[in-house]
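Notes to accompany the following structure.
Bear in mind these aren't lab numbers, they're just calculated from the coordinates by the rules spelled out. Because the structure is predicted, anything quoted here is derived from the model rather than measured. Cβ atoms come from the backbone with ideal geometry, glycine included; neighbour counts cover every protein chain shown.
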Amino acid sequence: MVFKDAALSPQEMPVTTPVPRQHGRPHPTGTAPYAEPALPKTIAARRGVTIERFLIEDIALTEDPLSENMVVLNIGPNHPSMHGAFRIKCWLDGETIVKAIPEIGYLHRCFEKMSELHPWQEVVPYTDRLNYMSPFLNNVGYCMAVEKLLGIEIPKRAQRIRVILGELSRVMDHLVCVGTNLVDLGALTNFWYAFRGREEIYSILEHVSGARMMVAYGRVGGLMRDVHPGFEDEVRAVLKSIPGYIDDVDRLITNNRIFIDRTRGIQPLSATEAIDWGWTGPCLRACGVPYDIRKAHPYYDYDQFDWQVPVGTTGDVYDRYLVRMEEMRQSLRIVEQALDDLPDGPVNVDDWSISPPPKDAVYNTIEGMVAHFKLVFEGVQVPPGEVYSYTEAGNGELGFYLVSDGGGQPYRIHCRAPCFAIYQNIGPTLEGHMISDIVAIMGSLNIIAGELDR
Amino acid sequence: MAQFVADNLAVRFGEGVQRVSDDFGDLTVWVDRSIVHDVLAHCKRDPELRFDFCMDVTAVDYLGLGGNPRFAVVYHLYSLSTGKRVRIKSGVPESDPVVASATDVWKSTDWFEREVYDMFGIRFEGHPNMKRILCHQDFVGHALRKDYPADLRWKNPRPDDLVDEISPQEMERMQARVRKGLSD
């Protein structure tokens, strides 16, 4: 066992209770490896385990009781069609999957632990890295949760801008999902159509926030800054062009025989099953459940816009594609209405203990300077309590459970990632499908590793 | 405010419901650890409550706040038919961090509970596959505990062959298939 190195002495780390492996072959070392007592705390002391020893350990682990007879195929963690780092181990009979077990955690970056070490405002850039296909929606989800804890309502203009950019982010998310799903299935052309629309939205986000992908544009109490003067024209231009790209994909794919053959009836799921597995978002709606938080529990005036929730019937890959295509059109409808009704005014709450005072006040008044100083050094002071706040993100219900002890830093942040629930049943539902179906299924579930592993 | 949810649980479980609060508009029901599973099953199956979604399972380490018991497991439930939400909380002592698993009530709790085990070391009794999920199998300690240093990391020395996740019945089924002869 590699860790029993003479150089490594036991330390006072909390020792976990030994948990025997539940079933199957016992671990080669006889005990569960994570029950090993105590490794040194410092990273320096743990260097010295050489790569050769890892390799020897690997070879000892490759005896799989079924590998004699069944082909074992490891898909991932890095594979061109996986769009992120996760692994599925498949036991195959010919090309049919007999058993599939997913393994996740390759992109685990301790979002929740890191959040506990930062002031409330500084968590916002971390949330960008959750679902990095629609970062602004994560900003909104997180900021809404903190605002709920603070008991504040952000100005109307900020709400509308959050709706506009949030819905554009959703369109972007769905465009990437549909585009990459199709390119995995061999339909390369659609990829260019879909990504062209995405690039145009990226340009708007870049103009607004300075970053194309990791926008970090949301702030507790409003937004980073107001949008630029030409914002409305840019959004209107995008509203004109994107339906064209969606229609291009639609005309090429929706009635395409090859696409239908490869997607219809693939990983169907009943509504009851989907609810039981905790599915939300487009994947749940494809199963026929019209649960959309924007309709069920409207926030930011979503109930005042005229739009509809598309639902599927069978919940298979084809239905998910259809639901996403329609959702993009509905999102654009919302953007159009929000843009027509974009009020003037501030984009941050008028409270200097939450939003920084204007620069004029900082330089010329003592109150402004003190408020600025305290915000920079101590951060937003959030009252003690706990809240669970939820928004409709690209993949479904994005929930933030916050616990505050009344200080300038979160005591605990938990992110309820929609992908995590959606990806759970990939193992059981893959059984009986072909290898090539994995690509279609993975693409249509739109699993984002950043959100899955956090 | 979903008062009927609190009333329903109070009528059904009496003393087992320790505390009910409605801070920030989120209904929170503290229940005794011994009845967590019963409460959850009741929440799902009771015709009045019908909490068909288990949205989330997580835990909080109250070490820094002097919590006694130290941990709390947190369930967030949602009912599609009534549109109500409830948060079920239950204290878990450090000396015996075990809670009954809810995997037989909602399938979605499978990975949620594994994550709680991984991050806090709270084990869920009756879970079919109580194994770390986000951290690798050679990770020592539980990262979201407040006494775990944030800069401490462990090398992952080996890939996981995942064979231990195959249940005996599954293994039997697969071996039977091999014995019968594979298709090619």
- Note on the structure: Applying the gyration tensor rule to the Cα atoms of segment A:257-317 (axes a ≥ b ≥ c; rounded if a/c under 1.5, else prolate if a/b exceeds b/c, else oblate), the class is oblate
- Query: Peptide B:136-144: average number of partner chain Cβ atoms within 10 Å per residue?
  - Reply: 6
- Computed E for B:Lys146/A:Ile366 - FRET, C-beta separation, R0 41 angstrom, nearest 0.05: 0.60
- Message: Explain nothing, just the number: relative contact order of segment A:353-454, from Cα pairs under 8 Å at least 6 residues apart, as a whole percent.
- Response: 18
- Query: Which shape class applies to segment B:3-180: rounded if a/c is under 1.5, otherwise prolate when a/b exceeds b/c and oblate if not, where a ≥ b ≥ c are the square roots of the Cα gyration tensor eigenvalues?
  - Reply: oblate
- Message: At 0.36 nm per residue, and after removing the present C-alpha to C-alpha distance, how many nm does the segment from B:Ala41 to B:Asp23 gain when stretched out fully?
- Response: 4.0 nm
- What residues from segment A:254-268 fall in the zone where the backbone N is under 17 Å from a label point 7 Å along the Cα-to-C-beta line of A:Glu95? A:258-267
- Item | Stokes-Einstein D for the protein assembly as shown, Kirkwood Rh over Cα pairs, 37 °C, 0.692 mPa s (µm²/s) | 127
- Message: If you average the C-alpha positions of segment A:344-379 and of segment B:11-38 separately, how far apart do those two centres end up, in angstrom?
- Response: 41
- Note on the structure: Given pairs B:Lys107/B:Lys180; B:Lys89/B:Lys146; A:Lys99/B:Lys44 and cut-off 27 Å on Cα-Cα distance, the over-length ones are B:Lys107/B:Lys180; A:Lys99/B:Lys44
- Given H placed 1.01 Å from N in the peptide plane, which residues other than close sequence neighbours of B:Leu49 have an amide H under 5 Å from its amide H? none
- Taking a spot 7 Å from the Cα of A:Leu239 along the direction of its beta carbon, which residues of segment A:317-361 have an amide N less than 15 Å from it? A:329-343
- Query: When chain B is modelled as a GNM with alpha-carbon springs shorter than 10 Å, which of B:Leu134, B:Leu162, B:Leu40 fluctuates the most?
  - Reply: B:Leu162
- Message: Which of rounded, prolate or oblate describes segment A:199-244 when judged by the alpha-carbon gyration tensor and an a/c cut-off of 1.5?
- Response: prolate
- Name the aspartates and glutamates eligible as straight-distance cross-link partners of A:Lys240: C-alpha to C-alpha under 12 Å, and not fewer than 8 places from it in the same chain. A:Glu200, A:Glu336
- Message: Could you work out the percent of alpha carbon pairs in segment A:101-145 separated by over 11 Å, rounded to a whole number?
- Response: 68
- Here FRET efficiency (C-beta to C-beta, B:Asp96 to B:Arg12, R₀ 41 Å, nearest 0.05) is 0.95
- Note on the structure: Phi-derived 3J(HN,Hα) across segment B:102-108 with the Karplus relation (6.51, -1.76, 1.60, θ = phi - 60°), rounded Hz, x for Gly and Pro, is 9, 5, 7, 8, 10, 5, 5
- Given segment A:111-453, what whole percent of its Cα pairs are spread farther than 38 Å? 17
- Task: Any chance you could list the semi-axes, whole Å, largest first, of the equivalent ellipsoid that the Cα gyration tensor gives for segment A:261-418, using √(5λ)?
- Result: 41, 21, 11
- Mean Cβ count within 10 Å, highest first, over the residues of peptides A:245-255, A:277-287: A:277-287, A:245-255
- Counting alpha carbon pairs within less than 8 Å and at least 6 residues apart, what relative contact order, in whole percent, applies to chain B? 15
- Query: If you put +1 on each Lys and Arg Cβ and -1 on each Asp and Glu Cβ, how big is the dipole of segment A:318-380 around its Cα centre, in Debye rounded to 20?
  - Reply: 300
- Query: So which residue, out of B:Tyr75, B:Tyr62, B:Tyr148, gets the largest mean-square fluctuation from a GNM of chain B using Cα contacts under 10 Å as springs?
  - Reply: B:Tyr148
- Query: When only DSSP loop residues count, what GluC sites (Glu not before Pro) in segment A:286-341 have their Cβ near at most 12 other Cβ atoms within 10 Å?
  - Reply: none
- Item | Residue-averaged beta-carbon neighbours from other chains (10 angstrom radius) around A:421-429 | 3
- Long-range amide H partners of B:Val99, meaning residues 5 or more apart or on another chain whose placed amide H is closer than 5 Å, are B:Arg123, B:Phe124, B:Glu125
- Message: For peptide B:168-179, what's the mean number of Cβ atoms from other chains within 10 Å of each residue's Cβ?
- Response: 4
